[in-house]
There are 2 protein chains.
Amino acid sequence: MGVTKTFGFSDEINDMAIVFKALGHPARMAIVEYLVKQKECVCGDIVNELPLAQATISQHLRELKTAGIIKGTIEGTSVCYCLNLDLLKHIENKLNLWSLDLTNEENKCC
Amino acid sequence: MGVTKTFGFSDEINDMAIVFKALGHPARMAIVEYLVKQKECVCGDIVNELPLAQATISQHLRELKTAGIIKGTIEGTSVCYCLNLDLLKHIENKLNLWSLDLTNEENKCC
DNA sequence: TTTATATATTGCAATATTACGATTAATAAT
DNA sequence: ATTATTAATCGTAATATTGCAATATATAAA
C-alpha cells in the first residue's frame with residue numbers, strides 16, 4: 001500500500017482532497033502567501049524568498065498548478081505565476097457552508 | 001530526503017500546512033463531510049460509511065485529531081467525535097483574507 | 001553564433017504515507 | 001468470571017513524497 005484509495009468517494013470529495021493536499025506543505029503554503037501579497041511573481045522570486053533549491057521550487061509550483069491553485073504564463077524566458085481566485089473562492093465557499101451547517105447546532109459530546 | 005523542510009518558514013505557515021495536509025486525503029475529507037452533516041459520530045459509524053478497514057479509519061481519525069480538526073470524547077466503550085468549529089472558522093477566515101487581498105486587484109499576467 | 005539567464009525535467013536516496021490483518025485494551029453485558 | 005463490543009495500536013508491505021544535483025530546454029543578449 002501507500003496508495004490512496006479514491007474509489008468509493010464522490011468526485012467532489014476527491015477533488016477537494018487534491019486541493020487541500022497541494023496546500024498541505026509549508027513550501028507550497030509559503031508560495032501561496034507570497035502570491036497573495038505580491039499578486040504575481042516569477043519562479044526566481046520564490047527561489048530568492050524560500051530556503052529551497054530551484055528544482056524543488058519548480059516541482060512545488062507544478063503541483064500547485066496541477067491542483068489548479070495557481071496559473072502560469074510564459075513571459076519571455078520567465079514564467080509569471082498568480083493565484084486562481086476562482087478556485088480559492090470555491091474552497092472558501094465550501095468552508096463557509098461547513099460553518100453555517102455547524103453553527104446553531106449544539107454538539108452533544110465535544 | 002522525503003523529509004518536509006519546516007525550518008525557514010513561519011509558525012503560522014507550518015501550522016496551516018499541517019491542517020491542510022490533514023484535510024488532503026479523500027477518507028479524511030469524507031469523515032469531515034460526514035461530521036458536518038451528522039454533527040457527531042462514533043468511529044463505528046464511519047467504518048460503516050466508508051470503504052476502509054477499521055484500523056485505517058482509526059488512523060485517519062487520529063490524524064484529524066492531531067491536526068486539531070476534530071475532538072473526541074470517550075463515551076463508554078465508544079469514542080464520540082465532532083468537528084472543532086474554532087479551527088474551521090480560523091482557516092475559513094484565512095481564506096477570506098486571501099480573497100479580500102486578491103479581489104480589487106487586477107492580475108497583470110494571468 | 002555564442003553566451004547568459006530562467007525554468008523544467010530527470011534520476012536518485014531518504015523518508016513518509018497508506019492500508020490492513022492481527023493484536024491489544026478497556027468497558028459493557030450476560 | 002466470561003464473553004461481546006468498540007476502538008486503538010503494532011507490524012509490515014507497497015507506494016508516494018521530498019529535496020537536490022545534474023542536466024536539458026528555451027529564450028534573450030552580446
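Has segment B:94-110 got any residue that is within 12 Å of DNA strand C (Cβ to nearest atom) and surrounded by 14 or more Cβ atoms within 10 Å (Cβ to Cβ)?
The answer is yes; a qualifying residue exists.
Each row is one residue, and each column tells you yes or no for (1) hydrophobic (A, V, I, L, M, F, W, C); (2) within 14 Å of the chain's Cα centre (by Cα); (3) farther than 14 Å from B:Val19 by Cβ.
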| residue | (1), (2), (3) |
| --- | --- |
| B:Ile70 | yes, yes, no |
| B:Glu75 | no, no, yes |
| B:Val79 | yes, no, yes |
| B:Cys82 | yes, yes, yes |
| B:Lys89 | no, yes, no |
| B:Asn93 | no, no, no |
| B:Trp98 | yes, no, yes |
| B:Leu102 | yes, no, yes |
Those residues of segment B:29-44 which are out of contact with any strand residue (DSSP E or B) (no Cβ under 8 Å at 6 or more places or on another chain) and open to solvent by less than 20 Å² (accessible area, probe 1.4 Å) amount to B:Met29, B:Ala30
Matching residues in segment A:1-27 (open to solvent by 20 Å² or more (accessible area, probe 1.4 Å) and near DNA strand D (Cβ under 10 Å from one of its atoms)) number 7
Taking segment B:45-59 and keeping residues open to solvent by 10 Å² or more (accessible area, probe 1.4 Å), hydrophobic (A, V, I, L, M, F, W, C) and either within 10 Å of DNA strand D (Cβ to nearest atom) or under 16 Å from A:Lys94 (Cα atoms) (or both) leaves B:Val47, B:Ala53, B:Ala55
Scanning segment B:60-92 for residues that are free of Cβ contacts under 8 Å to residues at least 40 places away in the same chain, assigned to a helix (DSSP H, G or I) and exposed (fewer than 14 other Cβ atoms within 10 Å of the Cβ) gives B:Arg62, B:Asp86
Scanning segment B:21-44 residue by residue, the ones that are without any contact (Cβ under 8 Å) to a residue 24 or more places away in the chain and farther than 19 Å from A:Thr103 by Cβ total 4
Among B:Val32, B:Val3, B:Val19, B:Val42, the single one that is more than 18 Å from the chain's Cα centre (by Cα) and either within 13 Å of DNA strand C (Cβ to nearest atom) or within 27 Å of A:Arg28 (Cβ to Cβ) (or both) is B:Val3
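The values are calculated or read from the model by the stated rules, or taken from the named source; none is laboratory data. Just so it is clear, the structure is predicted and the values come from calculations on it, not from any experiment. For neighbour counting, all protein chains shown are included, and Cβ atoms are generated from backbone atoms with ideal geometry for every residue, glycine included. Heavy atoms of the whole protein, side chains included, go into the accessibility calculation; ligands, DNA and RNA do not. Shrake-Rupley method; radii C 1.70, N 1.55, O 1.52, S 1.80 Å.
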